[in-house]
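Notes follow once the structure below has been shown.
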Amino acid sequence: MADNSSNDAYWSANLRIIVISLIIWAIVSFGFGILLRPMLSGIAVGGTDLGFWFAQQGSIIVFLILIFNYAFRMNKLDREHGVDEE
Amino acid sequence: MDQFTINLLFVGASFALYIGIAIWARAGSTSEFYAAGRGVHPVTNGMATAADWMSAASFISMAGLIAFTGYDNSSFLMGWTGGYVLLALLLAPYLRKFGKFTVSEFIGDRFYSQTARIVAVVCLIVASTTYVIGQMTGVGVAFGRFLEVDNTTGLLIGAAVVFAYAVFGGMKGVTYTQVAQYVVLIMAYTIPAIFISLQLTGTPIPALGLFGEHAASGEPLLAKLDAIVTELGFNEYTAHHADTFNMVLFTLSLMIGTAGLPHVIMRFFTVPKVSDARWSAGWALVFIALLYLTAPAVGAMARLNISEMMWPNGGVNGEAVSVEQIENEERYDWMKTWQKTGLLNWEDKNGDGKIQYYNDKSEAMQAMAAEKGWTGNELTKFNRDILVLANPEIANLPGWVIGLVAAGGLAAALSTAAGLLLAISSAVSHDLIKGAINPQISEKGELFSARVAMAVAIVVATYLGLNPPGFAAQTVALAFGLAAASIFPALMMGIFSTKINNTGAVAGMIAGISVTLIYIFLHKGWFFVPGTNSFTDADPLLGTVKSTSFGAIGAAINFTVAYVVSGMTKPLPAEIKELVQSVRVPRGAGSAQDH
């Protein structure tokens with residue numbers, strides 16, 4: 001196993017990606033989809049407004065991007081810190 | 001060929017496929033039985049996870065819930081997909097690294113406490129059993145409608161098929177059958193939706209059609225739908241009517257509950273590497289999203305079709321559909337078919353030979369009704385659960401599409417039932433028998449006890465499916481509440497904190513579950529006995545928080561209690577801190593494979 005300082009750097013880099021991803025996760029669903037919907041009501045999308053789109057479609061698409069982005073970045077981070085599986 | 005023969009062909013062929021796969025993928029070791037030998041490709045596992053997760057509720061009920069409520073039920077769409085972000089970022093890779101077989105085993109080892117493991121097993125068994133009853137009931141209903149056998153026969157056939165592939169194949173057999181079931185259920189869901197989207201909007205992709213143009217009127221589809229439903233006195237489809245705070249809390253509870261359901265978590269034990277677990281969560285959501293992006297389109301389009309069918313001549317200001325039309329015209333055949341099931345009904349209350357469908361609770365409509373001589377809504381019963389199953393008939397699609405939908409509904413219910421039964425049997429044989437009662441048991445003995453546990457679980461689930469306790473419907477909230485308030489926080493703290501100790505974790509789980517249970521019982525009746533409730537979800541104890549939305553608060557209580565109690569008791573032993581450190585880095589996951 002690599003030394004502990006490298007493991008600590010790896011863990012805090014992981015935590016940073018998680019926190020940023022979860023902020024986006026909350027903004028698109030609870031934010032755009034529910035709480036901020038009145039603010040987005042001026043932006044029309046196919047017969048309704050942007051908030052409705054986020055609640056029924058947009059948030060799911062963003063969730064997908066978040067998970068694949070996380071997998072890609074973490075697998076790269078594993079190699080950079082020498083903690084990937086041989 | 002008549003519809004009955006077509007349905008029989010589709011359902012029979014899909015069942016033959018599942019049994020064939022089971023014979024091919026027979027499990028020979030405990031590792032194959034619990035984790036498919038950890039040799040499942042991440043995309044394959046993603047597909048199996050999607051089938052495992054999407055139950056009869058997703059396939060049959062969700063579009064109906066959205067259709068009759070509109071925007072306010074978006075919680076289901078965001079909640080049941082957003083949980084995968086939590087799962088992928090906070091749980092799956094670390095639990096795969098840990099490399100054991102069950103969720104409770106991680107909780108027991110990490111919190112160095114047999115009590116913690118047993119508490120987790122109890123939560124797991126209660127959550128999974130309540131969930132499986134709903135699946136078995138769904139199997140009975142689908143059989144009853146499509147194969148014209150009675151509920152009991154249908155349920156017994158379904159149970160026999162699950163028995164064949166889950167008991168012999170274990171996780172390995174279940175995984176590959178779930179892949180086949182995913183293919184069947186997604187085709188069954190999307191093909192009718194594509195047809196309907198083409199009819200209404202000219203777009204073959206339902207998710208685009210939802211935000212596209214209604215071909216007949218040239219208006220945007222959702223604007224057209226809003227206009228029709230408000231004309232009939234119902235709430236505007238796209239508008240926000242629900243209490244905002246409760247909606248946020250409900251969405252969050254569904255997300256946390258999803259990430260805490262053991263049968264979903266354990267699927268991530270089956271992939272070869274930690275990096276595969278990360279990819280696999282993404283693939284699972286891709287396959288789930290195919291259905292979840294289609295569902296709101298199915299809901300909106302069905303609502304539009306039904307409303308127009310009830311007012312075929314110029315909307316509410318024109319003429320309602322006549323009893324004669326319903327009885328004679330071919331396009332109303334579906335109403336007669338579904339009337340036989342008792343889930344759909346109509347009654348010409350004012351005897352004018354027409355069936356007026358409108359919201360008789362709206363004051364504006366009451367005034368209009370008085371003027372026109374209507375005496376109430378005459379489409380007296382429309383069970384939301386029939387929407388997806390009846391949809392191809394409503395849209396007048398060919399017979400093979402209806403047969404496909406029958407096979408798809410069964411695939412959704414069976415795949416989830418098998419996953420839940422597997423979670424129950426591994427908790428019993430691995431955590432209770434090997435972990436607590438007889439640690440010296442041989443691998444052969446453990447494998448045998450896993451199969452016996454599975455067989456017993458199927459018998460119990462079938463019995464409860466045939467005699468559903470009155471509280472079956474409410475228990476889904478209970479399953480999610482339990483998973484959110486107990487399992488998810490314990491797992492997350494086990495990975496992300498080196499402060500939480502055995503006492504803290506046990507106290508947190510017990511506090512989270514008890515408060516959640518009490519809150520549900522206060523609203524739904526103690527042990528779901530009708531009439532013993534002190535509050536109702538219409539007027540809840542805490543502001544606007546319904547009992548179904550309480551899981552997120554239960555989780556918060558679990559986190560808080562665990563931190564406070566851990567702060568007051570002895571810190572973690574050094575070897576547990578090392579265990580947490582090792583779970584956090586992927587290197588070395590391969591060696592855990594052969595434990």
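The values are calculated or read from the model by the stated rules, or taken from the named source; none is laboratory data. The structure displayed is predicted, hence computed values, not measured ones. Don't worry about glycine lacking a Cβ; one is built from the backbone with ideal geometry, like all the others, and counts go over all protein chains shown.
Where residues in region B:73-86 are closer than 16 Å to B:Ala552 by Cβ and more than 7 Å from chain A (Cβ to nearest Cβ), which of them is farthest from the chain's Cα centre (by Cα)?
Among them, the one singled out is B:Leu86.
Which of the residues spanning region A:71-80 are out of contact with any Asp or Glu (no Cβ under 6 Å at 6 or more places or on another chain) and either more than 7 Å from chain B (Cβ to nearest Cβ) or farther than 18 Å from B:Phe287 by Cβ (or both)?
A:Phe72, A:Arg73, A:Met74, A:Asn75, A:Lys76, A:Leu77, A:Arg79, A:Glu80
Given (1) modelled with pLDDT under 90; (2) in contact with a Ser or Thr (Cβ under 6 Å, 6 or more places away or on another chain), where does B:Tyr463 come up short, assuming only one miss?
(2)
Which residues, counting only those in region B:219-232, are at the interface with chain A (Cβ under 10 Å from one of its Cβ atoms) and in contact (Cβ under 8 Å) with a residue 12 or more places away in the chain?
B:Leu221, B:Leu222, B:Lys224, B:Leu225, B:Asp226
Could you tell me how many of the residues in region B:537-571 are farther than 18 Å from B:Leu254 by Cβ, free of Cβ contacts under 8 Å to residues at least 40 places away in the same chain and in a loop (DSSP other than H, G, I, E, B)?
3
Taking region B:261-277 as the region of interest, how many residues are at the interface with chain A (Cβ under 7 Å from one of its Cβ atoms) and either at pLDDT 95 or above or surrounded by fewer than 24 Cβ atoms within 10 Å (Cβ to Cβ) (or both)?
Residues in region B:261-277 being at the interface with chain A (Cβ under 7 Å from one of its Cβ atoms) and either at pLDDT 95 or above or surrounded by fewer than 24 Cβ atoms within 10 Å (Cβ to Cβ) (or both): 2 in total.
Could you tell me whether any residue of region B:431-449 is in the same structural domain as B:Phe168 (by TED's automatic domain parsing), under 20 Å from B:Tyr131 (Cα atoms) and out of contact with any Lys or Arg (no Cβ under 7 Å at 6 or more places or on another chain)?
no
Have a look at B:Ile23, B:Ile66 and point out the one that is part of a helix (DSSP H, G or I), over 21 Å from B:His263 (Cα atoms) and modelled with pLDDT of 85 or more.
Unique residue meeting the criteria: B:Ile66.
Among the numbered conditions (1) more than 8 Å from every other protein chain (Cβ to nearest Cβ); (2) closer than 30 Å to B:Leu222 by Cβ, tell me where A:Ala55 comes up short.
(1)
Find the residue count for region B:96-134, including only residues that are assigned to a helix (DSSP H, G or I) and over 17 Å from B:Ser425 (Cα atoms).
Total meeting the criteria: 11.
Okay, residues lined up against (1) within 19 Å of A:Leu50 (Cβ to Cβ); (2) in contact (Cβ under 8 Å) with a residue 60 or more places away in the chain; (3) assigned to a helix (DSSP H, G or I):
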{"site": "B:Tyr189", "(1), (2), (3)": "no, yes, yes"}
{"site": "B:Ile194", "(1), (2), (3)": "no, no, yes"}
{"site": "B:Gln199", "(1), (2), (3)": "no, yes, yes"}
{"site": "B:Ser217", "(1), (2), (3)": "no, no, no"}
{"site": "B:Phe234", "(1), (2), (3)": "no, yes, no"}
{"site": "B:Phe245", "(1), (2), (3)": "no, yes, yes"}
{"site": "B:Ser253", "(1), (2), (3)": "no, yes, yes"}
{"site": "B:Thr258", "(1), (2), (3)": "no, yes, yes"}
{"site": "B:Val264", "(1), (2), (3)": "no, yes, yes"}
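Can you tell which of A:Ile43, A:Ile23, A:Ile60 is more than 8 Å from every other protein chain (Cβ to nearest Cβ), closer than 28 Å to B:Gly70 by Cα, β-branched (Val, Ile, Thr) and over 11 Å from the mean Cα position of the chain (by Cα)?
A:Ile43
Matching residues to (1) surrounded by 24 or more Cβ atoms within 10 Å (Cβ to Cβ); (2) in contact with a Lys or Arg (Cβ under 6 Å, 6 or more places away or on another chain); (3) more than 23 Å from A:Asn69 (Cβ to Cβ):
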{"position": "B:Gly46", "(1), (2), (3)": "yes, no, no"}
{"position": "B:Met54", "(1), (2), (3)": "yes, no, yes"}
{"position": "B:Ala57", "(1), (2), (3)": "no, no, yes"}
{"position": "B:Ala67", "(1), (2), (3)": "yes, yes, yes"}
{"position": "B:Tyr84", "(1), (2), (3)": "yes, no, no"}
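Please count how many residues of region B:36-63 are among the aliphatic types (A, V, I, L, M), within 14 Å of another protein chain (Cβ to nearest Cβ) and assigned to a helix (DSSP H, G or I).
Matching residues across region B:36-63 total 4.
Report those helices (runs of 4 or more DSSP H) wholly inside region B:295-384 carrying at least 2 residues which are over 29 Å from A:Gln56 (Cβ atoms).
It comes to B:323-328, B:333-339, B:363-372.
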